[in-house]
Amino acid sequence: MELYLDSADLNEIEGAFELGFIKGLTTTPTFMHRHGVTDIDGLILKLADIVPILQIEALGKTAEEIVAEAHRQLEMGLDKNKTVFKIPISIEGVKACKLLRDEDIMVNVHLIYTLQQAYMALEAGANYVCPLVGRLQDQGHDALDVVGQIVDAVETFGYDSKVMFSSVRNPEHVRNALNLGVHVCTVPWKIIKMLTENAFTTIGTDQFFEHTRMMTVRVKEILGSKNPVVSIDESLTSALVKMTESGFGCVSVVDNGKLVGAFTDGDLRRLVEKEGNEAINKKMGELSYNPPITISGEKLLNEASALFHEKQVDNIIVLNDDEVVGILDIQDLN
């Protein structure tokens, strides 16, 4: 099934065709009006330079007017082998289709809502027969059944025409088109972008990136610039200020540059509960510390994750040899 873009927005057209496999573009006067186009011919010529196949409207009240409009547009410089003229289904429309096909000019007979309309377009030799699924469904009709009947007619009677599934409103319509065996589906850009989306795919992809990160990134590579360190000679008040400024729940405590422990917000609560307001006047050297939990900045993140899990802590002090170079928060792994 060939994939076409259905649009008149130059920016999204340029972006969509960067995919490299969209076969062509369908557009309408309605799209152009919606996007404020004032120079229709200018836009058509610009689009013809961007897309492999351009399908544009050839309007007229009589077959002769339709044919004349197609000729006028070709004379602007359009390539006959890359241009398809869209003609709304009618008696004059199918007559114009036959006249243009006799000149080997490509035609899409569209705005089709019934098998009978499609049959007339097929008999006229239309390259494309284009039912509007979304609009049919809006009217309460079984649009998919109609499309299926058109596909069956093409296959049963051997018409050399492609059925184009149009008026696509959601990704499910693209699945319907594939299941029905249509030859072409023309789709708005916002729907095309949804065709690769699935919540489980997103979850799986995110996991791949995260697991790769955990196995390849070192602790030192994700450390921030803040490194709250206090000497044993400093006051508890100084430690609290540095803890607050850094945004961490702990500070590293050193003696002549050598790590002796970590003081956490949990330690503060327990100290105040035990000693009351007097605790705030203590020096850091007056406190006792458990052996600090540390990790080398050269370690990979998966090792840091295992250490967080094993020790059940929120912060780990990061060392470069014996030098305190930072604090790793468990949230940094996310």
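Each value in this text was obtained by applying a stated rule to the coordinates, not by laboratory testing. This structure is a prediction, so every number in the text was calculated from the model and none was measured. Methodologically, a virtual Cβ is constructed for each residue, glycine included, from the backbone with ideal geometry; neighbour enumeration extends over all protein chains shown.
Below, the figures for the structure above:
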item: Relative contact order [Cα under 8 Å, 6+ residues apart], the chain, whole percent; result: 11
item: Relative contact order for the range 2-199, counting Cα pairs under 8 Å that sit 6 or more residues apart, in percent; result: 18
item: Mean Cβ neighbour count within 10 Å, used as a protection proxy, ranking 196-202, 172-178, 134-140, 33-39 highest first; result: 172-178, 134-140, 33-39, 196-202
item: Alpha carbon centroid spacing (whole Å) that separates the range 1-37 from the range 143-164; result: 25
item: Prolate/oblate/rounded label for the range 2-199 (Cα gyration tensor, a/c 1.5); result: oblate
item: Amide proton proximity set for Ser231, modelled H, under 5 Å, gap of 5+; result: Val254
item: Simple Cβ-charge dipole of the chain, Lys/Arg +1 and Asp/Glu -1, about Cα centre, in debye nearest 20; result: 280
item: Alpha-carbon centroid distance for the pair the range 242-305 / the range 100-121, whole angstrom; result: 79
item: Potential extension, Asn81-Glu323 segment - 0.36 nm per residue separation minus Cα distance; result: 79.9 nm
item: Over 24 Å between alpha carbons, listed pairs Lys220/Lys282; Lys98/Lys190; Lys61/Lys86; Lys23/Lys80; Lys80/Lys162; result: Lys220/Lys282; Lys98/Lys190
item: Among beta bridges that DSSP assigns inside the chain, antiparallel share in %, nearest 5; result: 30
